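Heads up: the structure comes next, in structure tokens.
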Amino acid sequence: MVLVVVFGAALLLAVLLSGLAARTVLSTSFLFLIGGVLVSDGFLGLIHITPDSEIVSVTADLALFAVLFTDGMHVSLPKLRAGWRNPARALGLGMPLAFVFMALVTHFLVGLDWTTSFLVGAVLAPTDPVFASAIVGRKEVPAKLRQLLNVESGINDGLALPVVLMLIAAAGPTADSAEASASTIALELLLGLVFGVVLPLLVNRLVRFWLLGAEPKLQPLLPLATGIILYATCHLTHANPYLAAFSAGAALAHVSPEAKASFEPLGEALAELAKFAALLVFGALLTPQLFGDLSFGGYVAVVLAIVLIRPASLLISLLGAGVISRKEKLVAAWFGPKGFASVVYGLLVLQSGIPQAEEAFTLVAVCIAFSIIAHSSTDVPIARAFDVDELIGIPDKDQSAAVPSEESPLDTRA
């Protein structure tokens, strides 16, 4: 119950400071992260949470699913068909480059064996622009840039998972499990994609059946019910829930724009709550002992992962991409934050019991913490470089009398 009180207090403070956060480098995500740190065993000792606590994996899993489901709704399939090249470059070349570069840095600077080093690279390969929402959540920011970051983050979570699972199997005591995992993982990915596309289509057909129909005030619950069924189905069948969530959001927005419009305020609020809860719980894991366990080489690897590996990998993948400006390339290269996917995959590594699992998790956890701070505190200043005068619907003080913009989405400042 102490955790609930802390969450409520952090939520109240975040809401009260959200207007200031929308105009400055202050981050509401950072408030929840710090809140978790302060009440953990390393400081006040009000709550006791360890990496193997069920609440850690559950909150991170739910937050990632909710964020991907709502992110998928922002993907326009017609626009994606017209501008698929840049996301394809980022996923097909940028992501593998970041994976390999991170593995090399981990092996030579941290001293992990090659299999575990590549495992760390796979865990940290996914990006999560929920921590850069002032960039991806505003229509004033160029559409090509928003689409690139949104599609990349929505798909690379699902692409990284099979690699993570196969490397965990390869790092384990038997090699037979790696062979068995390859076919199993491929099936899980396929099932996730199928469930994510088919379930919204079925629900849409049911809604259009002449005997059925949702009352206007209950319409926002229709996509919510779809998401709940999808989440439970994926976990019951071991289908990939993250690929399913993103594809379901995109499919639902495509076949039923009215359902997307009615659900958007509720969906954004639920995704924010899930994200904040996961950040609070993750913050409770960031004890002084965890930071003390990371070597100097590990800290160098963390800095390189954020300021060099991701930017260089994406810039290389976008070489020759003339449809996106140099400024947009630089912004896309910087905003590769590590988020909930890396938390979930890092916990999988820790709970796998493989050799060097604790060392790998420590490196991943510190990298995620540094990334959250770096990226969620720079999104607003960089967004202003695109002349975004009204961030997330909250005008500056000297514009308070102005007429609000046509699009005024819920506060998703991270």
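Structure above, values below:
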| item | result |
| --- | --- |
| Condition met for Leu279 (in contact (Cβ under 8 Å) with a residue 60 or more places away in the chain and over 16 Å from the mean Cα position of the chain (by Cα)) | no |
| Number of positions in the range 359-389 that are touching a Ser or Thr at 6+ places or on another chain (Cβ under 7 Å) and in a loop (DSSP other than H, G, I, E, B) | 1 |
| Which numbered condition Asp41 misses (of (1) within 18 Å of Leu270 (Cα to Cα); (2) open to solvent by 30 Å² or more (accessible area, probe 1.4 Å)) | (1) |
| Filtered residues of the range 185-202 (kept if modelled with pLDDT of 90 or more and open to solvent by less than 70 Å² (accessible area, probe 1.4 Å)) | Leu191, Gly192, Val194, Phe195, Gly196, Val197, Val198, Leu199, Pro200 |
| Residues located in the range 332-358, provided they are open to solvent by 10 Å² or more (accessible area, probe 1.4 Å), farther than 21 Å from Leu68 by Cα and part of a helix (DSSP H, G or I) | Leu350, Gln351, Ser352, Glu358 |
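The values are calculated or read from the model by the stated rules, or taken from the named source; none is laboratory data. Predicted model only: the values in this text are computed from it and were never measured. Positions of Cβ are backbone-derived with ideal geometry, glycine not excepted, and every protein chain shown enters the neighbour counts. Surface areas here come from the heavy atoms of the whole protein model, side chains and all, with no ligands, DNA or RNA. Shrake-Rupley method; radii C 1.70, N 1.55, O 1.52, S 1.80 Å.
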